[in-house]
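Down below is the structure, laid out as C-alpha cells.
The values are calculated or read from the model by the stated rules, or taken from the named source; none is laboratory data. Quick caveat: nothing in here was measured; it's all calculated off a predicted structure. When we count neighbours, we look across all protein chains shown, and the Cβ atoms used for this are built from the backbone with ideal geometry, even at glycine. We work out accessible area using only protein heavy atoms, side chains counted, and drop any ligands, DNA or RNA first. Shrake-Rupley method; radii C 1.70, N 1.55, O 1.52, S 1.80 Å.
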Amino acid sequence: MHPPSDLRDWIALLEREGELVRVGAEVDPHLEVTEVVDRVVKAGGPALLFERPAGSNHPLLINQFGSERRMCLAFGVDRLDDVGAKLADVLEMQPPSGLVDKLRGLKQLKSIADSLPSTVRKGACQEIVLTGDEVDLGVLPVQTCWPLDAAPFITLPAVITRDPRTGQRNLGMYRMQVLGPRTTAMHWQLHKDGRADFGTADGRMEVAVALGLDPVTAYSASAPLPKHIDELMFAGFLRGAAVDVVKGVTVDLEVPASAEIVLEGYVEQGDLIEEGPFGDHTGFYTAAEPFPVFHVTAMTMRRDAIYPSIVVGKPPQEDAWLGKATERIFLPAIRASVPEIVDYDLPVAGAFHNCAIVSIRKSYPAHARKVMHAIWGLGLLSLTKTVIVVDEHVDPHDYAQVAFYAGANVDPARDVVLSEGPADHLDHATAGQFVGGKLGIDATAKLPEEGAREWPPEIEMSAEVKRLVDRRWAEYGLAETE
Ligand SMILES: Cc1cc2nc3c(=O)[nH]c(=O)nc-3n(C[C@H](O)[C@H](O)[C@H](O)COP(=O)(O)O)c2cc1C
Ligand SMILES: [Mn+2]
C-alpha cells in the first residue's frame, strides 16, 4: 500500500477506513474547535473535517494524526517500526558480497536517488495566486486554541528555508502567530534549523510555508533530522515517491506542488515582535518573547483549499502520535551511533523532552552512564531532562515494569547522575532559560565494579512448571487467563 499522494488522497483514505467524520455544524475556530478536538483526541476518536468553521470558507482538517492506526495508514505500514526498518536497511548497508547482495544494494541506492524532490512546472498549489494587497490571512480558519493565547496562530505549517551559506533546504514545523492580514510571527526556537538559517542571513531571508500536505511530508517537517538532511528528501524516501515541488511565484524557493495553501515571503534581521503567550505542548503557557516577523508577499492556493490544523496542549494531544512516529522511526538512527541501545520510550505525558526510558545490552561497568551521556549528546534528545536506563529484558514501554526496576535496582546514593546541559526552549521549570539540570537513573542490575554487593537472582518460575500448568489448566476449573 502506497502512502497518500496529497491531502485529498489522504482524506479519501481516512474516509474509506472509517477514520474521518465530517462536521457540518458551524463551529468557531476561536476556542470551540479546541474543546471539541480535545475530547475527541482523548477518546481515541477520528479525524475531523469541520466543513463550516465560523468566519471562513475553507474547511478545517484536524486530528488527522491522532491515533496509531492513522499514523500507520499515513505511512502505509502495519506497524510504525516498519518505517524505522526501512531506514535501518539503508543505515546498515554493508559492502555487497555476491550478486544478490549487489542487486539489493543497488535497489537501496536507487531508493535514495528516487527520494530527491522533483521539480515540476505546474502545481495545484498555484491554482489561485494572490500577491501584495490581495493577500489576507483573515480568510483562513486559523484557530485561537486556549483562553490566554495572545492571538490566532497557524499550528501545522511546513516552514521552508535555505541555509544562506550552503543553499541546503530545511523544513520545520514552527507555530505562526497571525499579526495582521499579511504578517505573522515565526516561532523557530533556539535549537532549530530554520532559526540557524536565519542566524546566518544578511538582511532578508526568503521563507515559504506549505499548509495541507500529504501526511508523510507534513510529518517530516516535525522530524528532528540533522541540519544537513533535507526533510523533503526524507519525505520522498519514507513515501517511496519523490515529493513534487514547484517554484514559488515571489520567492526563489520550491514548494510542494500539491499543497493546499502556500504562503511566500521573507523575514528580516532586526525585525522582531513579542510573540505569544501561547499554550503549548508543555501543558503551560509559554511566555512572550521576541521572534521574527514573517512578511507574506504571496498566498497561493488550490481551489476550495482545505486548511490543516492541530492543537497542542496538555498531553495527550494529537501531536503525541507525531512524537511516537519519531520515536519509532529514529530508533535505527540512534542505534547506528549507540548500538547497545535495544529500545526506548518517550512517555507521552513527558511532553517529548521531560523523560526518556532506554533499555540497553549492558556489558561493562558504568555502561548505563555512558548511554545517558550519549542521549544528552544526541540531536534534540540532548534536551531530555530525565533518562532512565534499564536492562535489555525490561520493556521500556511497560511503565509498571520500569517503575519496578527504578525502585528495586536503584540505590539513590549510588545510581543517580545529576548533570547539566541545554534545556528545551519552552521549559519553564529551569532556573534560567535554555540551561538546566539533567537526571539520570541507572536501573540496571549492578556489577561488583559499580560498588554492588552480590546481585540476587530475579524470581522466575521454571519453564517446566509453566508448561505443566499450561497443560493442566482446564483441570483446575479456572477461567482462561492471558
Ligand atoms: C504541532 C507541532 C508544533 C510545533 N511547534 C513548534 C514551534 O512553534 N517552534 C519550534 O521551534 N518547534 C516546534 N515544533 C517542533 C519542531 O517542528 C521540530 O523540532 C522539528 O524538528 C523542527 O525542524 P528542524 O529540526 O528542521 O528545525 C512543533 C512540532 C509539532 C509537531
Ligand atoms: Mn531540519
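Miscellaneous remarks
- Positive contributions from Lys and Arg (+1) and negative ones from Asp and Glu (-1), summed over other residues with Cβ under 11 Å from the Cβ of Arg175, come out at -3.
- Counting 0.36 nm for each residue step from Arg52 to Asp89 and taking away their Cα separation leaves a gain of 8.8 nm.
- Solvent accessible area, Å² - Trp455, 1.4 Å probe, full protein context: 80
- C-alpha center-to-center spacing [region 27-64, region 66-140] in angstrom: 27
- Applying 0.36 nm per residue to the separation of Asp271 and Gln433 and subtracting their alpha-carbon distance, the gain on full extension is 56.1 nm.
- Annotation: per residue accessible area for region 236-356 equals 31 Å², rounded to a whole number [probe 1.4 Å, protein chains only].
- Rounded if a/c under 1.5, otherwise prolate or oblate - region 302-415, Cα gyration tensor axes: prolate
- Pairs from Lys42/Lys324; Lys42/Lys314; Lys362/Lys466; Lys370/Lys446; Lys86/Lys324; Lys192/Lys227 whose Cα-Cα separation, in the structure shown, is over 19 Å: Lys362/Lys466
- Span-like helix check, the chain: qualifying full DSSP H segments, with Cα axial length of 20 Å or more and mean Kyte-Doolittle of 0.0 or more, are 99-113, 319-337.
- R0 of 25 Å, Cβ-Cβ distance Val120-His228: FRET efficiency to nearest 0.05: 0.50
- For Ile128 and Glu458, the difference between the fully extended length at 0.36 nm per residue and the C-alpha to C-alpha distance is 112.1 nm.
- Neighbour-limited loop hits for trypsin sites (Lys or Arg not before Pro), region 373-482 (at most 12 other Cβ within 10 Å; DSSP other than H, G, I, E, B): Arg414, Arg453
- To put it simply, the accessible area of region 177-272 at a 1.4 Å probe is 51 percent carbon and sulfur.
- Protection-proxy order for peptides 214-221, 311-318, each taking the mean of Cβ atoms within 10 Å per residue, highest first: 214-221, 311-318
- Computed FRET value (nearest 0.05) for Asp252 with Asp398, which takes r as the C-beta separation and R₀ as 45 Å: 0.35
- Per-residue ellipticity at 222 nm computed for the chain from its helices equals -8000 deg cm²/dmol, with DSSP H segments shorter than 4 residues left out and the rest contributing -39,500 (n - 2.57).
- Accessible surface of region 324-411 [probe 1.4 Å, protein heavy atoms]: carbon and sulfur percent: 62
- Global form of region 1-108, assessed from the alpha-carbon gyration tensor, a/c cut-off 1.5: prolate
- A dipole drawn for region 393-482 from +1 and -1 charges on Cβ atoms has a positive end, and of Val402, Val416, Trp473 the residue lying farthest that way is Trp473.
- Over all other residues within a Cβ to Cβ distance under 15 Å of Gly350, the charged ones net out to -2, with Lys and Arg as +1 and Asp and Glu as -1.
- Cα gyration tensor shape for region 348-416, rounded if a/c is under 1.5, else prolate or oblate: oblate
- Per-peptide average of other Cβ atoms within 10 Å, ordering 88-96, 258-266 highest first: 258-266, 88-96
- Surrounding net charge for Glu458, when Lys and Arg each add one and Asp and Glu each subtract one, Cβ distance under 15 Å: -3
- Restricting the calculation to Cα atoms, every distinct pair contributes to the Kirkwood radius of the chain, found to be 24.3 Å.
- Region 148-196 versus region 273-321: alpha-carbon centroid distance in Å: 9
- Cβ-derived FRET efficiency at R0 45 Å, Ala479 paired with Leu103, nearest 0.05: 0.25
- Accessible area of region 26-69 belonging to carbon and sulfur atoms, whole % at 1.4 Å probe: 46
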